[in-house]
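Participant: Here it is: the structure, laid out below.
The values are calculated or read from the model by the stated rules, or taken from the named source; none is laboratory data. Given the structure is predicted, the values throughout are model-derived calculations rather than measurements. Every residue, glycine among them, receives a Cβ derived from its backbone with ideal geometry; neighbour counts consider all protein chains shown.
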Amino acid sequence: MTSTRGDRPATDVDVAVVGGGTAGCVVAARLSEDPARRVLLLEEGPDPQPIPPIVSDPKRQSELILESPYVRMYDVERPDGSSFPLLSGRIMGGGSSINNLAVVRPMRADFDAWSTFGGDGWSYDALLPLLRAIEDDPDFGDDPIHGSGGPLHLERSYRLDETVDPPVRALIAAAGDAGLPPCHDLNVPDPIGVCASPYNIVDGRRQSTAVAYLEPARGRPNLTIHADATVVRVLVDDGRACGVEVRDPDGRTTTIGARQVVVAGGVFHSPELLIRSGIGPSDELTAHGIAPRVVREGVGRGYQDHAVVYVTFQGTTELREDYVIPKVRLIAKSHPDRATPDLHVFMQPSIRMEGLPPLLPVSVRLLEHRATGRVRLASADPGELPIVEPALLQHPGDVEAMAGGIAFVRELVRHPALAEFYGDLVNPEPDADADMLEHILTSYISYYHGVGTCRIGAADDPLAVVDAGLRVYGVDGLWVADASVLPTVPHANTNLAAIMVGELGARAVAAA
Amino acid sequence: MRLEGTIDIPAPAEAVWAVIIDPRDLAACVPGVSDVRQLDDRTFEGSVRASVGPIDGDFAFRSVLATLSYPDELVVDVEGTDSVTKSRVVAHIEAGLSSTSDESTTLAYRATVTTKGRLAIIGDMVLRATAGMMIGQVTKCLRARLEAPA
């Protein structure tokens, strides 16, 4: 069946999947493998076919983010009143259709942390077979921790041992002397060092989940795909999800009956939809005049993300456009005592302006978040974006770690190999620690890796929204399956984790 | 984004003031500014070109001298649009002069820059990265102009 846009589905279904993002495409594709199960996938954004080159061509990534209509921005404030955007993908495939295509597994420490919320089923050993089944990694296909033949193809366009690129060689030399070795496989359970980044690209084409998962499923007669369809709320009757209310672009609403409902709207919109459906914290339900079905204080709470701070050095020479990124990333520790590497460091492309020497930014990306933020409704109207309070760098431990990361980078670029390229620090002014602290607190942005707003947890955990099997507490027949269920932000990009959650969601629903 | 600082210039306050309120004089000191056109005695337009990796963009702006009260109150409002994302950038700049001697002046400035639209994704980082060096170049240029023999 081909997709239709904004039309009303005529018949009831077995499963309604709300949100065709990274995880939602996985859920819909997996569940529709059973021809007896009628699956409806509802996506608020468009589902352009064929996928436009600005989305599918990885070389147009900057254009995609800066100019395309498929990116949604959420303005959020720092405590000083300044603002920065969070992003999501508003197109079939969601974040996987607009992200930088990195395929990075969570670290072992992340699975350990998730196990404390979700039990043994969330351990590294328990989920390794699933991680292997997701991927098709020709570079490491024979390795016992890797997979071949899975839907998600990985490729590494860059091999550290073959590099002839002087800045990358310099980075490898400097990091090596700092005790950080070349890391050929970023997806080992405990990666550290200069890592070649794996990407989900096949023949120069982005492998979003709309491509890797949904495309092969589109011909199935039991799968209906509706794009440009806004789900107003999940219908709950007598403690059981029984369908969804959907609004089309013309404002017409219709009701679709479903035996099971999977919410996969992502970290911003899954909690928003639950709250609009009467499943949420009492203050939010009261504030927006929504009749409570199930009071769950954790809905929208628990937001975690990765903070990013840029420091900029004067370049000693003009660098090629493709410089280090996106070939390699440095995985490091903000302090030698840290048990788990807590930093991604990217040597960013140069900034050039007439009359100024080239400037070389380095981004320091903190992979932990000790505070928790919140997603709240701006209004009960689904047309209004939710309010996000990310609480990045609001914990002294996070600020300390970021400062440690920046100190590490400043030391690293003084290594003779990198000093060929990196000169003096120009932003922030290098004079005082107080300036650096102010720089951190007034300039941080997001790595766009939000999680945690519908997190897993035990039944007696007051902030848990779903159980270890992703079932919403207090409502039968309702699941959340996207990165919002992750109780802590992983030490990694979140796209692969979201795919994993999508797979888990599909299995849970199929087993119910 | 907020910027705040002082610039010491070895010249009398009157001479510094004359340069900073003249759009062409001032624009000539700001790196990357081109196509300066004066619309009236308080308004001028121009553009700035910058690149970030593979992204090349022009930023077309209009600057208005909103308040002129020698020596301690100069308010400039700048609005512009970039050529790539069509985002809007608004800057509000306040500056004032204080004489530290007959032949030296301190220029104190405070600026708030707000980016609306997609440019916010990278624009803030670029502004922060370049601001310090631009101010350094402006300082150097102002000093050179004011020290140069008439």
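Participant: Which of the residues spanning the stretch A:334-364 are more than 13 Å from chain B (Cβ to nearest Cβ) and buried (at least 20 other Cβ atoms within 10 Å of the Cβ)?
Facilitator: Listed by number, the residues that qualify are A:Ser334, A:Pro341, A:Asp342, A:Leu343, A:His344, A:Val345.
Participant: When you check B:Asp25 against the structure, is it out of contact with any strand residue (DSSP E or B) (no Cβ under 6 Å at 6 or more places or on another chain), surrounded by fewer than 15 Cβ atoms within 10 Å (Cβ to Cβ), touching a residue at least 24 places away in the same chain (Cβ under 8 Å) and not in a strand (DSSP E or B), yes or no?
Facilitator: yes
Participant: Mind listing just one residue for me: the one in the stretch B:119-140 that is touching a residue at least 24 places away in the same chain (Cβ under 8 Å) and more than 9 Å from every other protein chain (Cβ to nearest Cβ) and, of those, surrounded by the most Cβ atoms within 10 Å (Cβ to Cβ)?
Facilitator: The residue in question is B:Gly123.
Participant: Exactly one condition in (1) at negative phi; (2) within 13 Å of another protein chain (Cβ to nearest Cβ); (3) touching a residue at least 12 places away in the same chain (Cβ under 8 Å); (4) outside any strand (DSSP E or B) is not met by B:Thr115; state its number.
Facilitator: For B:Thr115, the exception is condition (4).
Participant: If you don't mind, another one. What are the residues in the stretch B:1-14 that are more than 14 Å from chain A (Cβ to nearest Cβ), loosely packed, with under 14 Cβ neighbours inside 10 Å and either under 19 Å from B:Leu65 (Cα atoms) or at pLDDT below 90 (or both), if any?
Facilitator: B:Glu14
Participant: Return the total of residues in the stretch A:49-62 being crowded, with 16+ Cβ neighbours inside 10 Å and out of contact with any helix residue (DSSP H, G or I) (no Cβ under 6 Å at 6 or more places or on another chain).
Facilitator: 7
Participant: Name the residue that is modelled with the lowest pLDDT, counting only residues in the stretch A:291-330 that are touching a Phe, Trp or Tyr at 6+ places or on another chain (Cβ under 8 Å) and of a type in the set (Lys, Arg).
Facilitator: Taking the candidates together, the pick is A:Lys327.
Participant: Taking the stretch A:280-304, which residues are among the hydrophobic types (A, V, I, L, M, F, W, C) and either part of a loop (DSSP other than H, G, I, E, B) or more than 14 Å from A:Pro386 (Cβ to Cβ) (or both)?
Facilitator: Result: A:Leu285, A:Ile290, A:Ala291, A:Val294, A:Val295, A:Val299.
Participant: Further, regarding this structure: Considering A:Asp177, A:Asp190, A:Asp203, A:Asp185, which residue is surrounded by fewer than 19 Cβ atoms within 10 Å (Cβ to Cβ) and without any contact (Cβ under 8 Å) to a residue 40 or more places away in the chain?
Facilitator: After ruling out the rest, the residue left standing is A:Asp203.
Participant: If you check A:Asp435, A:Asp424, A:Asp381, which single one turns out to be acidic (Asp, Glu), part of a helix (DSSP H, G or I), surrounded by fewer than 21 Cβ atoms within 10 Å (Cβ to Cβ) and more than 24 Å from the chain's Cα centre (by Cα)? Can you show your working first?
Facilitator: On the way: A:Asp424 fails: part of a helix (DSSP H, G or I); A:Asp381 fails: part of a helix (DSSP H, G or I).
Answer to the selection: A:Asp435.
Participant: Please determine, by comparing only the residues of the stretch A:66-118 that are among the β-branched types (Val, Ile, Thr) and not in a strand (DSSP E or B), which one is farthest from the other protein chains (Cβ to nearest Cβ).
Facilitator: Per the criteria, the residue is A:Thr116.
Participant: Tell me, which residue of the stretch B:44-90 that is of a type in the set (S, T, N, Q), loosely packed, with under 15 Cβ neighbours inside 10 Å and in a strand (DSSP E or B) is farthest from the chain's Cα centre (by Cα)?
Facilitator: Looking at residues that are of a type in the set (S, T, N, Q), loosely packed, with under 15 Cβ neighbours inside 10 Å and in a strand (DSSP E or B), I get B:Ser69.
Participant: Criterion first (away from chain A (no Cβ under 14 Å) and outside any strand (DSSP E or B)) does B:Pro31 satisfy it?
Facilitator: When the stated conditions are applied, B:Pro31 does not pass them.
Participant: Still on this structure, I have one more. Tell me, please, whether a residue that is modelled with pLDDT under 95, within 29 Å of A:Pro79 (Cα to Cα) and not polar (S, T, N, Q) can be found in the stretch A:439-462.
Facilitator: Yes: the stretch A:439-462 contains one or more residues that are modelled with pLDDT under 95, within 29 Å of A:Pro79 (Cα to Cα) and not polar (S, T, N, Q).
Participant: A further question follows. Any chance the stretch A:61-78 includes a residue that's touching a Lys or Arg at 6+ places or on another chain (Cβ under 6 Å), modelled with pLDDT of 95 or more and of a type in the set (Lys, Arg)?
Facilitator: Of the stretch A:61-78, the ones touching a Lys or Arg at 6+ places or on another chain (Cβ under 6 Å) are A:66, A:70, A:72.
If we keep only those that are modelled with pLDDT of 95 or more too, we end up with A:70, A:72.
Going one step further and asking which of them are of a type in the set (Lys, Arg), we end up with A:72.
Within the stretch A:61-78, one or more residues are touching a Lys or Arg at 6+ places or on another chain (Cβ under 6 Å), modelled with pLDDT of 95 or more and of a type in the set (Lys, Arg).
Participant: Name, by its number, the condition in (1) more than 18 Å from B:Met1 (Cα to Cα); (2) modelled with pLDDT under 95; (3) within 16 Å of the chain's Cα centre (by Cα) that does not hold for B:Val113.
Facilitator: (1)
Participant: For the stretch B:54-65, what are the residues that are in contact with a Lys or Arg (Cβ under 8 Å, 6 or more places away or on another chain) and closer than 21 Å to B:Asp41 by Cβ?
Facilitator: Within the stretch B:54-65, the subset in contact with a Lys or Arg (Cβ under 8 Å, 6 or more places away or on another chain) is B:56-59, B:64-65.
Matches in the stretch B:54-65: B:Val64, B:Leu65.
Participant: May I pose another question? Would you mind telling me which numbered condition in (1) over 21 Å from B:Val52 (Cβ atoms); (2) modelled with pLDDT of 95 or more A:Ile98 fails?
Facilitator: (1) is the only condition that A:Ile98 fails.
Participant: So which of A:Ala492, A:Ala498 ends up being among the hydrophobic types (A, V, I, L, M, F, W, C), outside any loop (DSSP other than H, G, I, E, B) and either out of contact with any Gly (no Cβ under 9 Å at 6 or more places or on another chain) or buried (at least 24 other Cβ atoms within 10 Å of the Cβ) (or both)?
Facilitator: A:Ala498
Participant: Out of A:Val362, A:Val375, I need the residue that is in contact with a strand residue (DSSP E or B) (Cβ under 8 Å, 6 or more places away or on another chain), modelled with pLDDT under 95 and not in a loop (DSSP other than H, G, I, E, B). Which one?
Facilitator: Just one listed residue meets the conditions, A:Val362.
Participant: Just give me the residues in the stretch A:422-479 being away from every other protein chain (no Cβ under 14 Å) and of a type in the set (D, E, K, R), in sequence order.
Facilitator: A:Asp433, A:Arg455, A:Asp460, A:Asp461, A:Asp467, A:Arg471, A:Asp476
Participant: Quick one: B:Val52 ticks every box in (1) touching a Leu at 6+ places or on another chain (Cβ under 9 Å); (2) within 9 Å of another protein chain (Cβ to nearest Cβ) bar one, so which box is it?
Facilitator: Only one criterion in (1) touching a Leu at 6+ places or on another chain (Cβ under 9 Å); (2) within 9 Å of another protein chain (Cβ to nearest Cβ) is unmet by B:Val52, namely (1).
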